[in-house]
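Note sheet for the following structure.
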Amino acid sequence: MVIHVTAPPARAAWELSPAEVLDHEGVVPATGLDHGSAAARLARDGPNAVQLHPPMPLWRSVTGQLHDTLVLVLLAAAVLTAVTGDFVDTAVILLVVTVNTVLGVVQERRALREIRALDDLVAPNARVTRDGRDTWVPTRELVRGDVLQLTAGDEVGADARLVRSVQLQVDESLLTGESQPSDRDAEAVSPGSTPMADRTGMVHAGSTVLRGSGEAVVVATGISTVIGQVALLVGGRRSPLTPLQRRLAILGRQISIGVAVACLVFLASGLLRGQPWETTVVAAVALAVAAVPESLPAVVTLALSAGASRMGRRGAVVRSLPAVETLGSVTLLATDKTGTLTEGAMSVDRIWTPGDGEISVGPGAPASDEARKLWSAAALCNDADASGDGPDGSAGTADTETAIVRASRAAGCDVQQLRRDHPREREEPFDAVTRQMTTWHRGPDGERSVLIKGAPEVVLRRIDGAGAAQALSDRWAAVGRRVLAVAADGHLLGLIALADPVRPEAAAAVESLHRAGISVVLVSGDHAGTATAVAREVGVVDARHPAAGHVHARVEPAGKLDLITGWQAAGQVVAMTGDGVNDAPALRAADIGVAMGQRGTDVAKEAADLVLVDDSLGTVTAAVAEGRRVFDNVRRFVGYGLAGGLSEVLVMLLGPFLGLALPLLPAQVLWVNLLTHGPVGVAMGGEPAAPDVLRRPPRDPATGVLDRSLVTQLVVNGLALTAVCLAVAAWSLSAGGPWQTQLFVTLSVGQLVLALALRPAGAWSGGSPWLPVAVVGNLVLLAAAVLLPGLTDLLGTEPLSVSETVLAVGPALLPGTLVLLIRATRRPALNTGAK
């Protein structure tokens with residue numbers, strides 16, 4: 001769609017005075033726009049919405065999924081089986097492809113939901129002045145030049161320049177990440193380079209008015225707003241391939257090359273030996289089916305689903321299945337501050353009085369006369385509700401004023417009675433210029449008092465002998481606390497320090513992540529001093545991790561995105577936690593985005609791959625362990641499955657040289673793979689984690705699934721399986737026995753026993769029982785394939801006598817026994833659960 005925007009002035013709106021903005025927009029606040037002008041501007045600029053792109057057609061998503069290399073190999077195998085008339089095998093392969101494609105399409109079509117969530121965030125209606133009257137209009141119909149009327153509780157529907165303000169305070173934490181409410185002043189003019197959070201004369205779409213009132217002229221709508229720019233950043237980014245997806249893509253290419261080479265060699269050798277071309281083509285199809293681990297996508301998906309289920313029980317809701325494994329690959333965690341490392345609500349941390357000195361606030365804190373006077377004055381010189389409810393009417397959120405009232409009540413002050421006994425006669429509200437609030441009160445006996453509460457550097461300069469208080473205030477501010485001084489009738493009553501308290505579990509979570517070899521970086525829109533102080537408190541910054549590389553403050557949405565992409569370009573696998581609109585682009589761009597479930601916005605949740613129900617960073621640590629467990633199990637299955645595939649390919653290639661014209665039929669190969677990869681593969685995905693799962697560094701992101709140790713193991717296992725299978729078949733052929741059925745049984749039993757031998761250390765004593773159960777069940781199915789009429793006709797098998805069965809099963813135990821002997825002598829070397 002074509003998007004039209006009004007040409008901006010030479011300077012940004014926050015650089016202009018109210019009069020200059022009104023003149024540029026051609027509007028008078030008392031009358032606002034007339035309806036004709038508003039309609040014309042709406043037609044010219046388009047609706048105040050952030051929807052940028054129409055939904056991607058379903059067919060395009062489907063074709064995109066079918067470009068995967070492994071899927072193309074499977075489709076080629078399906079075509080070959082269809083050409084030979086083996087439609088049963090064709091249907092099985094196409095079913096696997098269909099399941100894999102459907103899951104991929106569901107994950108890919110998240111971008112549209114993220115844009116819709118951004119659109120839904122803004123208020124559905126806005127109060128504007130048009131034709132000289134206040135009226136409510138849908139937010140989508142706001143246009144540049146509209147005059148917004150703002151009062152407490154309103155959500156701002158568009159970016160606007162204030163032209164009038166009275167004690168106006170807004171909450172922009174979901175845009176900026178800054179926990180403290182922001183004071184707004186219509187008379188403030190800011191330089192063009194001022195960060196969004198410091199544009200005091202502006203209000204932005206998606207923010208909420210906490211108190212006061214104001215009048216503002218709309219200067220940006222739709223994608224021109226701050227939220228619109230976030231939408232551009234989100235919509236313009238595709239989630240990167242996860243480490244597992246990258247590794248499987250490499251594996252798929254390796255398998256496709258191997259299949260092509262093996263089939264060409266087999267066709268050439270068969271034709272050179274003078275075999276009929278029909279037999280040679282059928283054998284080549286069987287070879288292709290044997291080489292392709294057609295159940296790998298389904299097994300990996302089921303393993304990830306099981307991991308997602310276990311994460312869900314730990315409080316982490318997985319929205320994208322590959323995110324399960326990605327967590328185990330993370331090398332760097334970029335976390336925001338507000339709501340993740342901290343509680344996301346202001347509270348009084350400590351106070352100071354001239355007589356008592358510094359006092360920590362909490363249960364058991366001393367209640368001296370001086371402390372009571374400080375609490376009383378702070379509660380009187382205060383506009384928050386006496387009940388301590390937050391600005392949104394809840395008992396959870398808290399701005400500065402509300403936090404002081406709550407602390408006063410906790411210290412024993414009856415705030416409602418106090419205000420009845422000392423009614424306010426007049427006031428000078430807090431503003432960004434005076435940086436203090438002054439109130440005049442009349443006491444029960446008629447005495448009058450003047451109370452001042454404000455920035456220490458403003459209040460203390462009028463009081464003699466306040467040097468010690470100023471020094472303490474500076475020290476508190478240096479560690480990220482917000483400090484207020486309170487005075488009565490020219491006498492200093494004390495200091496109040498407020499902070500967004502650190503979550504109790506944050507420090508332990510950071511320590512666990514460091515122990516797991518994951519670098520933790522704090523990325524915040526808050527002030528550098530506050531961000532650094534919180535980082536030190538939770539252990540993000542310490543002797544080994546300097547603030548210079550581990551704290552990024554005053555970062556806006558585009559800046560967060562730049563940091564993420566920069567880290568990724570340096571080879572890091574990046575996880576990003578966040579809860580606000582300002583986090584959405586980075587959540588989307590990160591290898592894995594982690595959103596907070598309680599405090600997080602819909603935008604953040606839609607952009608994320610993982611949502612933490614309890615908003616706890618500690619849950620991330622548990623999720624990392626689960627991710628590593630999943631990859632270990634997937635890697636174990638890949639090694640096991642490829643060893644079986646290698647043995648099947650070698651049997652098909654070498655069998656004719658031993659007189660075995662067509663060692664296995666395509667249907668028999670698929671049945672072997674079904675027995676050895678289906679339920680067994682799912683059970684292998686649920687094996688327990690290694691004891692050192694959180695005490696080893698992350699995997700190298702550049703390393704594929706098939707590293708040197710795994711390749712060595714699967715080659716040894718594959719050759720051992722091949723040797724016993726060919727030996728059994730050759731012996732039976734020489735004795736005139738049912739060699740093909742015996743080969744079928746030996747190959748199946750050998751792989752099932754190998755799966756049991758590859759279990760991680762401790763699995764037999766405290767692991768899941770499902771793998772042994774799956775093996776027993778598959779042995780029953782194997783017996784049915786040999787003994788059950790009808791099924792034997794479908795698979796081309798024949799019943800075996802007891803002696804023939806012993807000859808087929810006995811040697812099949814040898815490869816698994818070899819694995820156990822090697823692991824006993826070189827225990828971690830060939831353990832696929834470790835590197």
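The values are calculated or read from the model by the stated rules, or taken from the named source; none is laboratory data. Bear in mind the structure is a predicted one, so any value in this text is a computation, not a measurement. All Cβ positions, glycine included, derive from the backbone under ideal geometry; neighbour counts span all protein chains shown. SASA here: full protein model, heavy atoms, side chains in, ligands and nucleic acids out. Shrake-Rupley method; radii C 1.70, N 1.55, O 1.52, S 1.80 Å.
Annotations for the structure displayed:
- Placed amide H near ASP131: partners under 5 Å, 5+ positions off or other chain: LEU33, ASP34, HIS35
- Treating each Cα of region 656-780 as one equal point scatterer and applying the Debye formula with no solvent, the log10 of I(q)/I(0) at q = 0.13, 0.16 Å⁻¹ comes out as -0.67, -0.92.
- Put simply, the amide H of ALA220, placed in the peptide plane, has neighbours under 5 Å in ASP159, leaving out anything fewer than 5 places away on its chain.
- Calculation over all alpha carbon pairs of region 158-223 in 10 angstrom steps from 0 returns a P(r) of 23, 60, 18 percent.
- Taking the Cα atoms of region 444-539, the ratio Rg/Rh between the radius of gyration and the Kirkwood radius comes to 1.18.
- Mean-position separation - Cα centroids, region 453-526 and region 633-662, in angstrom: 67 Å
- Per residue solvent-accessible surface (Å²) - region 546-697, probe of 1.4 Å: 25 Å²
- Sorting 216-222, 39-45, 652-658 by average packing, meaning the other beta carbons within 10 Å per residue, from highest down gives 216-222, 652-658, 39-45.
- Most to least packed among 463-473, 683-693 [average Cβ atoms within 10 Å]: 683-693, 463-473
- With contacts taken as Cα pairs under 8 Å and at least 6 residues apart, region 401-520 reaches a relative contact order of 15 percent.
- Rg to Rh, two decimals, where region 407-493 supplies the alpha carbon set and Rh follows Kirkwood: 1.00
- From the alpha carbon centroid of region 727-754 to that of region 20-44 is 87 Å.
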